[in-house]
Amino acid sequence: MELNSGEYAKFREYLRMSCGIELGDNKQYLVTSRMRKLLISNKIDDFSELIKKLQASCSSTLKQEVLDAMTTNETSWFRDGYPYDFLEKQFFPQWQQDNLTKPARIWSAACSTGQEPYSISMILSEINRLAVPSRRVSANIIATDVSQSVLTAAKNGLFDQFSVMRGLTPDHLNRYFLAQENESWQINQDLRSSIDFRLLNLQNDFSNLGQFDLIFCRNVLIYFSAELKKDILCRIRRLLQPGGLLFLGSSESITGAEEFFELTSCHPGLAFRAK
Ligand SMILES: C[S@@+](CC[C@H](N)C(=O)[O-])C[C@H]1O[C@@H](n2cnc3c(N)ncnc32)[C@H](O)[C@@H]1O
C-alpha cells in the first residue's frame, strides 16, 4: 500500500502531535511496513482514509493501535550495564546506610516491554537476598510508556527465548523466571507485583507522579524534536529529589538542556544531576 507525499506529510504531523515522534524525510517505507497489518485488520483501504479517521478522532482504539505500531520498542535486560552497576554498587548500598526506613522512588519513563524496570527490580532483589533482614531496602518502581501493547506485555511478564537471551544470565533465569510452554519464560509474581505499570505520554503533564530519587528516561528522547526534549527534561528535573539522578541512553546527551542538569560520573558511565 503506497503513501503519497501529501498523505505522508499529514501522517507525520499526526504522529508528532499525538506522541512527539518526529519522522524524518523519506520514511514512507517505515510507515507502510509498520502500518500494513493495521490497515488490513481495520479494513481501511488507503492512507487517506486512515488519516481522515484519525483526524475525525472517531476511535481511540485506532489511535492507540497507530501508536503501538509506530513506536520503536527495542530494549534489553541490564541495557548498557553501567546504570545497573551503579544501582548495585553505589545507589542501594548508600540507601541501606542513609534511608533504610523509606522506600527509594524510581521511575522508568519509557519502559517498553519491561526489561528496564524488571532489571532494576532484580538488582534490588539480589541486594535484599544477600542482606540480613534488618538491612533490606525497599523501592517504589513506577514504569510508564505511551504504547498500550508494550505495557500489556510488560505486565504479563512473558518473554520468548530470543528476549531472555539478551542480557540475562542462567542464574537470573533460574531465580526469577518460570519456564512456560513454547520455549517462553514468565517473570515471577514477586517481581511482577513490584512494579506499578502505567500508560503515560511524556508530552503530557506528569507532575502528579511525585518526586523520584532516580529516573531512567533512556532511548526515547532521540525520537523527539529538540524543543520537546528540552521541555521534557525541564519537567523531569522538577521531579528529582535533591541529589536525585537521571539516566539517559548511553549515546544520549542533555544538549539543549544544560541549564537544568550537571554531568556526574557514576564510575563507569554518566548520569545527570538536577542543578
Ligand atoms: C527504544 S524504547 C526504550 C526502552 C527502554 N527505555 C530502553 O532503553 O531499553 C522507546 C520507548 O519509548 C516509548 N515512547 C515513545 N514515545 C513516547 C512518549 N511520547 N511517551 C512515552 N513513551 C514513549 C515507546 O513506546 C518505546 O517503548
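The table below gives the values:
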| item | result |
| --- | --- |
| Checking A56 against (1) within 16 Å of the ligand (Cβ to nearest atom); (2) not assigned by TED's automatic domain parsing to the domain that holds H172, the condition it does not meet | (1) |
| Boolean, L202 is in contact with a Cys (Cβ under 9 Å, 6 or more places away or on another chain) and under 24 Å from S60 (Cα atoms) | yes |
| Tally of residues being within 15 Å of the ligand (Cβ to nearest atom) and either of a type in the set (S, T, N, Q) or outside the structural domain of S125 (by TED's automatic domain parsing) (or both) across region 150-190 | 2 |
| Conditions (1) within 17 Å of the chain's Cα centre (by Cα); (2) in a loop (DSSP other than H, G, I, E, B); (3) among the hydrophobic types (A, V, I, L, M, F, W, C); number of the one not met by L100 | (1) |
| Cross-chain or 6+ apart pairs with Cβ under 8 Å, region 202-214 first and closer than 14 Å to G20 by Cα, then among the charged types (D, E, K, R) and surrounded by 13 or more Cβ atoms within 10 Å (Cβ to Cβ) | D205/R235 |
| Region 116-149, residues that are more than 16 Å from the ligand (Cβ to nearest atom) and assigned to a loop (DSSP other than H, G, I, E, B) | A131, V132, R136, V137, S138 |
| Enumeration of residues in region 66-85 that are part of a helix (DSSP H, G or I) and in contact (Cβ under 8 Å) with a residue 40 or more places away in the chain | V66, L67, D68, M70, Y82, P83, D85 |
| Any hit, region 198-208, residues being assigned to a helix (DSSP H, G or I), in the same structural domain as T113 (by TED's automatic domain parsing), out of contact with any His (no Cβ under 7 Å at 6 or more places or on another chain) and surrounded by fewer than 17 Cβ atoms within 10 Å (Cβ to Cβ) | yes |
| Inter-residue pairs, beta-carbon under 7 Å, first closer than 18 Å to N4 by Cα and in region 34-52, second among the hydrophobic types (A, V, I, L, M, F, W, C) and part of a loop (DSSP other than H, G, I, E, B), 6+ apart | R36/M1; L39/M1; D46/M1; F47/L3; L50/I44 |
| Residue that is farthest from the chain's Cα centre (by Cα), among those in region 103-115 that are more than 9 Å from the ligand (Cβ to nearest atom) and buried (at least 19 other Cβ atoms within 10 Å of the Cβ) | A104 |
| Selection count, region 215-247, where residues are in a helix (DSSP H, G or I) and either within 17 Å of the chain's Cα centre (by Cα) or touching a residue at least 24 places away in the same chain (Cβ under 8 Å) (or both) | 15 |
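The values are calculated or read from the model by the stated rules, or taken from the named source; none is laboratory data. All values derive from a computational prediction rather than experimental measurement. Cβ sites come from the backbone with ideal geometry, for glycine too, and all protein chains shown count toward neighbours.
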